[in-house]
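I have placed the structure first, in the form of structure tokens, so that the comments after it can refer back to it.
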Amino acid sequence: MKNPSQADLELVRRAFLFAQKIHENQKRFSGEAYFTHPFEVAKILADFRADAETIAAGLLHDTIEESNLTLEDIEKEFGKKVAFLVDGVTKLDKVKFRSRQEANAESFRKMMLAMARDLRVILIKLADRLHNMRTLDAMSDESRRRIALETLEIYAPIAQRLGMNAIKAELQNYGFAAYHPLRHRVLEARLRQLYGNRRDGVAKIQQAIATRLDQEDIAARLVSRVKSPYSIYTKMK
């Protein structure tokens, strides 16, 4: 949040306490308290500089599915806008598919429809998926591969379309490591062998180029990036 008002802070505080109470006796697959998930989702949304309603909805996004609460309960406590966002995320979570092909096409349509109504629903889903990918090790092998493939095929491309390249890269890295663990390890090891600390190497090259450009009195702005194992893998294919 940028320059939050007292009302904004109060909304987030109430959502925090409310979600903490709803999830207080629930556990994740890892055994940790369930509330750590919506709390981390809210932190990711705060890093996105989302508004108070979005952060509150991030804290509350699992309350309907994980309790006897209704959408009317959320609206009564937090207003129509927060309830609308929670409802949007809940509906996306309930989408079921009969095939992988249908899942790909239908998920994109559902996502685009949600974006057309309120982009913040997509931000919450991306934050939700990102934290799930960060904690994927607690899942079974089958679940990890399914979630990883879904992340690579659906969520990472949506993040890219929104210009959220840092989120896209993180989703791709976790997805690749979970879906093709051996290929990920081989590429990671090879990159370390070739370049060591790649960021330091790139910085040295960039500095050398900048020095030479300055010597030649050429005005320039240098931009660099380190390619990820997944990006390299897709080009190899």
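Of note:
- Pairwise FRET efficiency - Gln26 versus Gln160, Cβ, R0 = 41 Å, nearest 0.05: 0.80
- On a per residue basis, the convex hull of the C-alpha atoms belonging to the chain measures out at 172 Å³.
- Rounded tilt (10° steps) of 181-195 against the dominant C-alpha axis of the chain: 40
- Relative packing of 122-134, 149-161, 48-60, which averages over residues the other C-beta atoms within 10 Å, highest first: 48-60, 122-134, 149-161
- At the listed q of 0.09, 0.16, 0.22 Å⁻¹, the Debye profile of segment 1-104, built from one uniform point per Cα, gives log10 I(q)/I(0) equal to -0.24, -0.71, -1.16.
- Atom-type composition of the exposed protein surface of the chain places 50 percent of the accessible area on carbon and sulfur (1.4 angstrom probe).
- Working from label points 7 Å from Cα in the Cα-to-Cβ sense, the Arg183 to Thr234 distance is 1.2 nm.
- Dipole moment magnitude, nearest 20 debye, the chain about Cα centre, only Lys, Arg, Asp, Glu C-beta charged: 1060
- Judged by the mean number of other Cβ atoms found within 10 Å, the most tightly packed of the peptides 33-42, 1-10 leads the ranking 33-42, 1-10.
- Based on protein heavy atoms only, the chain ends up with 60 Å² per residue of surface accessible to a 1.4 Å probe.
- In straight-distance terms, cross-link reach from Lys21 covers every one of the lysines whose alpha-carbon lies under 30 Å from its own, apart from those fewer than eight places away in the same chain; here that gives Lys2, Lys43, Lys76, Lys80, Lys81, Lys91, Lys94, Lys96, Lys125.
- Sorted peptide list for 169-181, 136-148, criterion being average Cβ within 10 angstrom, highest first: 169-181, 136-148
- Spin-label model, Gln206 to Met1: label points 7 Å out along the Cα-to-beta-carbon direction sit 3.4 nm apart.
- Two-site FRET efficiency, Asp141 against Glu72, from Cβ-Cβ distance with R₀ of 45 Å, rounded to 0.05: 0.65
- ³J(HN,Hα), Karplus 6.51/-1.76/1.60, whole Hz, each residue of segment 23-40, x for Gly, Pro: 9, 4, 9, 9, 10, 8, 4, 6, x, 6, 4, 4, 4, 4, 5, x, 5, 5
- Relative to the dominant Cα principal axis of the chain, helix 100-117 is inclined by about 70°.
The values are calculated or read from the model by the stated rules, or taken from the named source; none is laboratory data. Please read these numbers as outputs of a predicted model, since none were measured by experiment. Cβ sites come from the backbone with ideal geometry, for glycine too, and all protein chains shown count toward neighbours. Just so you know, the surface numbers come from the protein's heavy atoms only, side chains and all, with ligands and any DNA or RNA stripped out. Shrake-Rupley method; radii C 1.70, N 1.55, O 1.52, S 1.80 Å.
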